[in-house]
Structure formats: C-alpha cells, structure tokens
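S.K.: My questions will all concern the structure given below.
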Amino acid sequence: MRRAFVLFCLFFLALAALPAGAQTGARTGAKSAAGGVATRAAAERLMTTIGLEKRVDTVVQLYLNFLPADTPEQKARAATLRERAPTAGPRFRSAVVNAASTSYTKPELDALDTYFASGEGQRVLTTAITRAVLGLGSRGQVKGSDILRPEDLPRDNPALQAAAAKYPAFESTAKLELAREFAQEIALITAR
C-alpha cells in the first residue's frame with residue numbers, strides 16, 4: 001500500500017495526461033503570452049471534462065480508508081495524510097494543468113477535450129480507471145501504456161494521434177510536477 005499513492009499519482013497523471021510531449025519552438029512577446037493563456041485555459045477545460053479533481057478526491061478517500069493505523073507512527077502518518085486530503089484534488093489538478101499546458105498545444109488539448117466529452121471518450125476513461133484500480137489492487141506496476149493506449153484513440157483524428165505521440169514527454173513533466181506538489185505525502189507514505 002505504500003506505493004499505492006505514488007501509483008495513484010502516475011495513474012491520474014496518465015489519465016489526465018492524455019498523451020503529451022514538450023512543445024517545440026520558442027514563442028516571444030504578446031503572441032507567446034496569449035498562446036500560453038489560451039493553452040492553459042484549454043488544459044483547465046480538459047481537466048473539468050475529465051472530472052479530475054473529483055476522481056482524485058475519490059481515490060484519495062479510498063486510499064485513506066485502507067491506511068494501516070496499528071502503531072503510533074502509522075496513526076500519526078494517517079492523521080497527517082487525512083489533514084492534507086481535502087486539498088489533494090485541487091493541487092493534483094494544478095500540477096497536471098501545468099504539465100499539460102507545457103506539453104501540449106491548444107489544438108491538441110481541444111481535441112482531447114472534445115474526445116473525452118464524447119461517449120467513446122467516457123468509455124475509454126472508465127476503462128482506464130478500471131485498469132488503474134485493478135493494477136493498484138494487485139500491487140502491479142501501472143504504466144501509462146496500460147492506462148491510455150494509442151489504439152484506444154481514433155486513428156482518423158490527427159490532433160489526438162499527435163497528443164498520443166507526445167505522451168512520454170507529458171508523463172515526465174507531470175511526474176516532476178506531482179513529485180514537487182506531493183513531496184510531503186510521498187515522504188509520509190514511503191517512510192518506514
């Protein structure tokens with residue numbers, strides 16, 4: 001269970017991450033600022049479509065329900081994690097938005113948003129969540145390729161396929177953002 005939180009982070013990273021990669025090319029001046037604001041807004045819309053905060057909060061509550069509290073140390077760790085739990089969803093969302101807005105272009109984020117708002121996209125999200133939960137329950141290593149697979153996305157949509165191709169770079173960026181944001185929780189969970 002100690003690694004469950006880390007795997008949980010990777011799960012939502014991959015789920016919300018929707019394939020990504022670092023944008024190339026430098027933009028300058030007002031165009032860069034406007035593009036950054038528009039891209040960040042698109043990333044925020046995508047997180048709302050996915051329901052990221054709610055999903056994270058639900059998984060955190062499930063995790064907290066199974067925390068061991070047999071020893072005084074475990075009780076103290078559990079209490080601290082429970083205190084920090086109410087902010088997990090918004091902090092997770094913020095970290096993923098940061099990663100997505102630097103990894104994807106606005107058209108890619110818009111395409112992902114449209115796709116995940118559709119019935120097919122919702123089916124893929126449900127399947128991804130099931131894979132992740134089963135992976136956590138069996139203590140298996142959940143990989144991004146287990147959660148959001150290119151073959152799950154329509155091949156006739158170039159923006160979605162471009163996003164899928166960028167996923168490894170997005171995942172790397174998101175891991176860094178999440179590790180920074182959840183450093184205290186990770187330290188508590190991995191403490192022996």
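S.K.: At 7 Å along the Cα-to-beta-carbon direction for both Ser172 and Asp156, put a label point, then send me their distance in nm to one decimal.
M.R.: In this crude spin-label approximation the distance works out to 3.4 nm.
S.K.: Points 7 angstrom from Cα along the Cβ direction at Thr114 and Thr190: gap in nanometres?
M.R.: Here the modelled spin labels are 4.1 nm apart.
S.K.: Gain in length, Ala85 to Gln61, computed as 0.36 nm per residue apart minus the alpha-carbon separation, to one decimal in nm?
M.R.: 7.9 nm is the gain from fully extending Ala85 to Gln61.
We did not get these values from a lab; they are worked out from the coordinates using the rules stated. Values in this document were obtained by computation on a predicted structure and should not be read as measured data. Positions of Cβ are generated from backbone atoms using ideal geometry, with glycine treated the same way; all protein chains shown enter the neighbour counts.
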